[in-house]
Amino acid sequence: MASEVLLQAIVAGLLFGMVLSVVALGLTIIFGVMDIVNFAHGEFLMIGMYTGLLVSQYTGADPLFALPVAAVIGGLLGYLCYWLFVRLLLRGPMLAQLLGTFGLMLFLRNLALLLFGSEDRSIQKGILVGKSVVIFGSCVVPSTKLGAAVLAVLAFLGTYLFIEKTKIGKALQATAINPHAARFMGISTDRMNALAWVIGGAGVTVAGGLLVNFWAVNPYVGLLFTMLAFTIVALGGFGSVPGAFFAGLIVGIITEFPGIWDAISLWTGWNWMYKVPMISFKYTWVYLAYFLIMLITPKGLFGWKR
Amino acid sequence: MLLKVDGLIKDFGGLRALDSVSFEVREHELVGLIGPNGAGKTTLFNCISGHVPVTKGKILFDGKDITELPPHQRAKLGLARTFQVYAAQGDLNVLEYTMVGAFLRTNGRTKARDIALETLKELDLLPWKERKVSEIPVPGQKLVTMAVAVATNPKILLLDEVAAGLNPQEIGWVKGIISHIHKDLGITTVLIEHVMALVMDISERVVVLDAGRVIKEGRPQEVVNDPAVIKAYLGESFRLEETR
Amino acid sequence: MEAIRNALDFKDLPRSEVYLSWAVALFLIIFPLLPFSSFAMATMIQFLIFAVYGMGWNTIGGYGGQVDLGKAQYVGIGAYTTTVALIRWDIPFWVSMPLGMAISVLWSFMIGYPLFKLKGHYFAIATIATSLVLKDLFEVWGFVGAARGLHISPVKYPPPDFLRLIFKEDVYYYYLLLGFFFLAVFVMNWFRHSALGYRLRCIKDNEEVAKALGINVHWAKIKTYALATAYVSAMGSVHAMYIKNIEPEDTMSLDISVLIALMAMLGGAGSLWGPIIGAAVLVPMKSYLKEWMGAKMGLIGIDLIIYGFIIMVIAAVEPKGLWGLYERWKGKRSAP
């Protein structure tokens, strides 16, 4: 019994973690290329979620078909954000960058509130919705989560290959390692920054399109995911793409800590463990994890820069 | 003996930046520290001031082992320095900045202000006192940092290329200021300098560093005629000639 | 006493600024006598509260350049300490406020020590993380009302109660807050002139240089953080007595932390008047936008859309804030 609960929690954590690593992917690329932290990252995700929801609602198509639409919207949004806004922020001190992107977050969040209202909305029908799969003998997984996780891994792999194998991806890496040297090699920093925002924006809206299959969307959904993404990026090493993947899995498991706690309490049979309202602390562990990671290993597990 | 560096080794990863460096500075001396680029001069200063930890060796200051002390405690003992690469960004003006140095010896604002004004007057920088440090050109900022260091009332002052980027006339002016600090204020001074006209003129003793080792130590005239020193500078011999 | 002399010494400011601040002080003193609406009064109270929050933030964030986005946790500790003390043990405000400050400062030392090993973005995000951890804890802690929060019943404590700070009319709170506000300005002026204030500005400029000048950088930051914390916690206590209804979501959310930082940044971080100017612009703008566009026009969220947009514009165009804009204008005017 205990082992089944544990398996259930770990599998759920890993699947969620796969989606989370795509959420964090854009943040880590943007941070790596230009050392800027985007507070509006979760709001980009929210836009991706609404895109998935609305496309499937109005066209009647499966929400998964909304992914390319989400990618285009996200990429465009990232591009516009960079050219119209972030480029100006880069001239200022760090404080202005942080608050500037926070302003963007308020702007996008409340725009969604104005357009869509504050209530939770979720996808009602689709190929995967309402079905579930049994894996490892006894572990019941909703098909939406499994499908989203598989697609997330594909999206992540695609981006990773783009960065590692193509010429333009290598130029992006060069800019991240040393913008001055890259400029001498004829790589335009401005264009690379814009590219980072396009990839970052597209990546996170795709993640939103995947997430909306099993997670209700409302205008306030962003902050939680921004914090999750920050933690993943810190754990994986600011700027590290492979790091983001493994860190995503770890953070996914951390979010399932209440399930693991249940498994331990079943196993030990200790009464006091049942009484702890662990489910209320679902994300507290993530914030604590960020704090501890930064203190113990500031470079993260797969530190790439610095 | 005011400062004694004994068998100092500093490794950066696999690179040995300082290799068993030993030298001494006596009280009231003015020592020049020269050497080609990359010889490890600034690293040596960083080790002495505590900004980088040493790999091996000992640093004694005023008879005390300071090898493990953090930088701010070394400063309290009377060790002051300037930085080779420094560009102010804040909104402190020259007087306020000098007061930060003076606050090492007092907590009172009036007293710190008096010390700072006195220091600026001694160093001939009083006309700048209301200017923001970040608005002064970088060579000028180095003179300001010198004043701030002097305001901490140090026993020893480590100057890292304070004359870089100055024209000959300004170099003459800086030369005057450094001798004034050394002779009249009685502060022992160690000077890293590429401008030979300056360092050879005012140093009482010169230490030559090359590839992380001390290759020669002596009076300025002895040093420039030493074959090992000339060899070390060979690639840059034009610089010796040019800047003299 | 030099500390008191420093607190009262405004001689280093241009004379025009001193005159102007006298005029503003006079206006603030006679404001309740003027025929303004109760809405304006409530807005002014918010202004005073946030100006003091902003001044607290400005010590570590403005003068020290350490971007702290976790100030809401100290609003929370201050607010909860006075409220819990009142509801559970009937301890009067004037005892529980210093108690709250003490708890806040203690907590700030505990988390400040590890926090200040971090720099830049890493520090900023870590401050958010600590604040959210505390908020999560308060949301499940039954003793402090969990997610429902706590409510102070005015029936139980008949106003006006000067000991417990329960009033019916806003004007009492106004003058009380004005007293705190003036005190805060003087403490701020002391800080600006203290050795710590100078040291912190040097740290903001360059930490390596600061170390070489004998400054214990880590300790100086922790001390200043504690001072900032004391400001915020004290105001959090008053804030709780004023709104009489506290819950973790309102008092300890990230929005409050950022709003506090924003006050100082919009006005001009690292200047004496910056946070006050910032609060004077942002607070009325926020409440009137909400009143006119949100409530009257029925467009939910439009106030925050405009508000967010203005923040974006300021961050992009003049990162030194309104004060920077003024100084630039002054510099242009005085230039030959």
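Between A:Leu292 and A:Lys170, take the C-beta separation as r, use R0 = 41 Å, and let me know the FRET efficiency to the nearest 0.05.
With a Förster radius of 41 Å, E is 0.75.
What Kirkwood radius, in Å to one decimal, follows from the Cα pairs of the protein assembly as shown?
On the way: mean 1/r = 0.0331 Å⁻¹.
Taking every pair of different Cα atoms in the protein assembly as shown, averaging 1/r and inverting gives 30.2 Å.
Rounded to the nearest 0.05, what FRET efficiency do B:Arg16 and B:Asp62 give with R0 = 41 Å and r taken as the Cβ-Cβ distance? Could you check? Spell out each step's value before the answer.
Details: r = 28 Å, r/R0 = 0.69.
Approximately 0.90, to the nearest 0.05.
So between A:Gln57 and A:Ser3, what do we pick up on full extension, going 0.36 nm a residue minus the alpha carbon distance? Each step should come with its number before you reach the end.
Working: separation 54, 0.36 × 54 = 19.44 nm, distance 3.98 nm.
Length difference between fully extended and current span is 15.5 nm.
Using a 10 Å cut-off on Cβ to Cβ distances, tally the other chain neighbours for every residue of C:252-264 and report the average as a whole number. Before the final figure, lay out each step's value.
Numbers: counts 0, 1, 6, 4, 0, 1, 7, 1, 0, 4, 4, 0, 1.
Per residue, the average neighbour count from other chains is 2.
Once both axes come from the Cα atoms, what is the angle between helix A:143-165 and the longest principal axis of chain A, in degrees from 0 to 90, rounded to 10?
30
What nm distance separates the two modelled labels at C:Leu163 and B:Ala228, each placed 7 Å from Cα along Cα→Cβ?
In this crude label model, C:Leu163 to B:Ala228 measures out at 8.5 nm.
Using only Cα atoms, locate the centre of the range B:71-102 and the centre of the range C:67-99, then give the distance between them in Å, rounded to an integer.
Cα centres, the range B:71-102 to the range C:67-99: 39 Å.
The range B:1-70 to the range C:1-26: how many Å between their Cα centroids?
Answer, in whole Å: 48.
From other protein chains only, count the Cβ atoms within 10 Å of every residue's Cβ in A:277-284, then give the mean.
Working: counts 4, 1, 1, 7, 5, 1, 3, 9.
For peptide A:277-284, the averaged partner shielding equals 4.
Rounded to a whole number of µm²/s, how large is the Stokes-Einstein D of the range C:2-334 at 20 °C and 1.002 mPa s, given Rh as the Kirkwood radius over C-alpha pairs?
Values: Rh = 20.6 Å.
Stokes-Einstein gives a translational diffusion coefficient of 104 µm²/s.
Going from the alpha-carbon gyration tensor of chain A, what semi-axes, largest first and in whole Å, does one get by taking the root of 5 times each eigenvalue? Spell out each step's value before the answer.
Details: eigenvalues 206, 108, 68 Å².
The answer is 32, 23, 18 Å, longest axis first.
Quick check on packing: order B:187-195, A:21-29, C:16-24 by the mean number of other C-beta atoms within 10 Å, highest mean leading. Let's see the in-between values first.
Values: B:187-195: 22.6, A:21-29: 29.8, C:16-24: 11.9.
Output ranking for B:187-195, A:21-29, C:16-24: A:21-29, B:187-195, C:16-24.
Peptide B:65-71: average number of partner chain Cβ atoms within 10 Å per residue?
For peptide B:65-71, the averaged partner shielding equals 2.
Hey, what D do you get for the range B:62-143 in µm²/s if you plug the Kirkwood alpha-carbon radius into Stokes-Einstein at 10 °C and 1.306 mPa s? Before the final figure, lay out the partial values.
On the way: Rh = 14.0 Å.
The diffusion coefficient I find is 113 µm²/s.
Regarding chain B, what's the average projected area of the Cα-atom convex hull, expressed in nm²? Write out the running numbers ahead of the final one.
Values: hull surface 51.4 nm².
The number I arrive at for chain B is 12.9 nm².
Report, in whole Å, the centroid distance computed from the Cα atoms of the range A:42-97 and the range A:5-23.
Here the answer is 24 Å between Cα centres.
Grab the beta carbon distance between A:Tyr160 and B:Ala87, set R0 = 35 Å, and tell me the FRET efficiency rounded to 0.05. Present the calculation step by step, with values, prior to reporting the outcome.
On the way: r = 38 Å, r/R0 = 1.09.
Efficiency for this residue pair is about 0.35.
Per-residue counts of other Cβ atoms within 10 Å, averaged by peptide: what ranking do you get for C:197-207, C:154-164, C:106-116, highest first? Walk me through the intermediate numbers first.
Numbers: C:197-207: 23.2, C:154-164: 13.1, C:106-116: 18.3.
Those peptides, ordered most packed to least, come out C:197-207, C:106-116, C:154-164.
Students often check this: by mean Cβ neighbours within 10 Å, which of C:165-172, C:267-274, C:98-105 ranks highest, and how do the rest follow? Kindly include the intermediate steps, with their values, before the conclusion.
Details: C:165-172: 17.0, C:267-274: 25.2, C:98-105: 19.9.
Result, highest mean Cβ count within 10 Å first: C:267-274, C:98-105, C:165-172.
So for the pair A:Gln124, A:Asn271, with labels modelled 7 Å out along Cα→Cβ, what separation do we get in nm?
In this crude label model, A:Gln124 to A:Asn271 measures out at 4.8 nm.
Coordinate-derived values only; no laboratory data. Only a predicted model underlies this, so the values are computations on that prediction, with no experimental measurement involved. Neighbour counts run over all protein chains shown; Cβ positions are idealised from the backbone, glycine included.
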